[in-house]
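Notes for the one structure printed next.
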Amino acid sequence: MVCHKPSRFMDDDVVLPVSHSDLRLPSRPYFTKRSARVLLILALVSCALVVFRLGHSTRDDASQYLYLGAMEDNSTENGLPPLYESYHDYERHLPQHNLSLPYPEGRDAKFFWAANHVHSSGWGNSMQELLVNALLSHTVNRAFVFDNYTWDPDGPGYSVYNGKLIPSRIPHSAIISGRVAVPIIGSSWPPGDPTPRSVSREYFELVCPRPLVIDSYEINKELRLDTSVPASVIFDKWVDRLNSLRDPCVEIKRSSFQIFEIWLFGSSRILSLWPRLSKSPILRNFSWSPLVLQAYAQNAHLFDSPSRSLSFLPSYLRPSNAAPISPAELHNVEPILTPDQTNPVPGLLALHVRRGDFAAHCAHLAKWAADWNGFNKFVALPDKFRPPPEGGRGHTTEENLQLYMKRCFPTIEQITDKVRKVLEEQYSLYGNSRELKRVYVMTNGDQEWLEELKAALMEVKRWDAVVTSRDLSLGWETKPVAQAVDMLVGQRAQVIIGNGFSSLTSNIVMFRMLRELPPEDTRFW
């Protein structure tokens, strides 16, 4: 179904106003301190109801939204997590938010806004969809309209998850940067690329009061759940549809299914897009944000030699820098560390170990005979998984359940057995020339369990160090985006053992494959 959204302005408004040379958005706070304090009281009163509602999410990485932040103390002197007002304000004042700019921007710009993008989901899920939506927008030469990493799109500035206050909306520039690798932040495309720079949702809504609204069901109706249809077929049909439109302002209906759903990313169907995605500046110019890179630098001593690990960073992001980081440096959207620059950290073994409510999620996967996430199923990777034939449609056998738990929620004994096997295989391939010496565990496990895991790993080998996500020193603004720090460590590890059912692992794998690291160095439970 296609329609034009009713204008919130006068009936005689044009789609792109021509009477204003510059429609840059005014600065405004997202949330006042007084409102925050009031909300805190209300949130605590309603906490039980909200936790009950959010606790029943079926998204893959929902519990990883605040990988540490949902369990650690996020408070400042006001007792509240950050709302990233300066990041929002920076995005609001991007230079492309200006109708007087020459073609292909300004009044000539064409826009693509996926108002139905995923929310209330983990960063791994959100990031996957973000990248492919950006690829689609770039393919049809439309300005990508970016929003926030969103838990609650409409509510107040804070939500409650696992009994903790979390930001409802985090600007993407707090997590990622780079040339539209994150089109979200609106850096320039490579020279000669005719695609207009990305713009914020607020700017889009201002200049496009009556966009053409398309229900995703129009294209995806017969394709979305057909396991024989690769993602590339769906992608190409959307390319054809968008290229057929003359309307400058195109919006995907918010209440419709995502164009690229978890069913695509949760299967090998998504791999059909890899040839295009891997060659696109969407990935080639990807970089984590200055905030994430700074947190990595401050903790580099835990998993690498600081002098070696920090050589790729500008001086203002290094711990030795005495001067406070300036707003221009903090909000830099140019790519600082692209995938080609993420050389592996010699001797580092990264383990992705999910705990907590992931046990119930793994059991749920067993009942529906779920497969690994698609980007964990590259043919070149040595570890494989095929859903067993028995089970599915809400039922499973005890044997199948134990199989899923071993691959999805391994015990300490199963973890150490896998580490021993990987060490043996690494030795048979490389001898002592690439010895693994340190372990970093990406995890949301509780401290007591992690101490048991550390002790067990030390019995496998006398490592130089075994550290976990819990050992990171994180600042107030970094805690809610700590999962990105983990992803960068996993991306740079010499060897990683990941969770095949996790989208966070699959995004790490995607970057490792882009970097063309040896397939035998990327493993799964």
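I need the full set of residues from region 390-435 which are surrounded by 14 or more Cβ atoms within 10 Å (Cβ to Cβ) and polar (S, T, N, Q), in order please.
396, 400, 414, 416, 426
Is it the case that region 348-364 has a residue that's within 25 Å of the chain's Cα centre (by Cα), over 26 Å from residue 445 (Cβ atoms), at pLDDT 65 or above and not in a helix (DSSP H, G or I)?
No, because not a single residue in region 348-364 is within 25 Å of the chain's Cα centre (by Cα), over 26 Å from residue 445 (Cβ atoms), at pLDDT 65 or above and not in a helix (DSSP H, G or I).
Within region 81-113, count every residue that is of a type in the set (A, V, I, L, M, F, W, C) and farther than 26 Å from residue 192 by Cβ.
Qualifying residue count for the region: 1.
Here's the yes/no breakdown for (1) modelled with pLDDT under 95; (2) in a helix (DSSP H, G or I); (3) open to solvent by 30 Å² or more (accessible area, probe 1.4 Å); (4) touching a Gly at 6+ places or on another chain (Cβ under 6 Å):
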| residue | (1), (2), (3), (4) |
| --- | --- |
| 90 | yes, yes, yes, no |
| 95 | yes, no, yes, no |
| 104 | yes, no, yes, no |
| 113 | no, no, no, no |
| 121 | yes, no, no, no |
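Taking the criterion of being under 20 Å from residue 125 (Cα atoms) and hydroxyl-bearing (Ser, Thr, Tyr), would at least one residue in region 219-230 satisfy it?
Among the residues of region 219-230, at least one is under 20 Å from residue 125 (Cα atoms) and hydroxyl-bearing (Ser, Thr, Tyr), which makes the answer yes.
Buried (at least 17 other Cβ atoms within 10 Å of the Cβ), more than 29 Å from residue 105 (Cβ to Cβ) and among the charged types (D, E, K, R): is that true of residue 197 in this structure?
In short, no.
Can you list the helices (runs of 4 or more DSSP H) lying wholly within region 193-275 that have 1 or more residues being touching a residue at least 24 places away in the same chain (Cβ under 8 Å) and small (Gly, Ala, Ser)?
Where helices (runs of 4 or more DSSP H) fall fully within region 193-275 and carry at least 1 residues being touching a residue at least 24 places away in the same chain (Cβ under 8 Å) and small (Gly, Ala, Ser), they are 231-243.
I'd like the residue in region 410-426 that is within 15 Å of residue 383 (Cβ to Cβ) and of a type in the set (S, T, N, Q) and, out of all such residues, is farthest from the chain's Cα centre (by Cα).
426
Given the criteria without any contact (Cβ under 8 Å) to a residue 40 or more places away in the chain and surrounded by fewer than 19 Cβ atoms within 10 Å (Cβ to Cβ), does residue 458 qualify?
In short, yes.
State all residues of region 435-478 that are among the aromatic types (Phe, Trp, Tyr) and closer than 30 Å to residue 169 by Cα; if no residue qualifies, say none.
Across region 435-478, the qualifying residues are 440, 476.
Looking at 517, 457, 472, 436, which is the one that is aliphatic (A, V, I, L, M) and under 25 Å from residue 319 (Cβ atoms)?
472
The values are calculated or read from the model by the stated rules, or taken from the named source; none is laboratory data. These numbers come from a predicted model, not from an experiment. Quick reminder, even Gly has a Cβ in these numbers, built from the backbone with ideal geometry, and neighbours come from all protein chains shown. Just the protein is used for accessible areas: all its heavy atoms, side chains included, with ligands, DNA and RNA removed. Shrake-Rupley method; radii C 1.70, N 1.55, O 1.52, S 1.80 Å.
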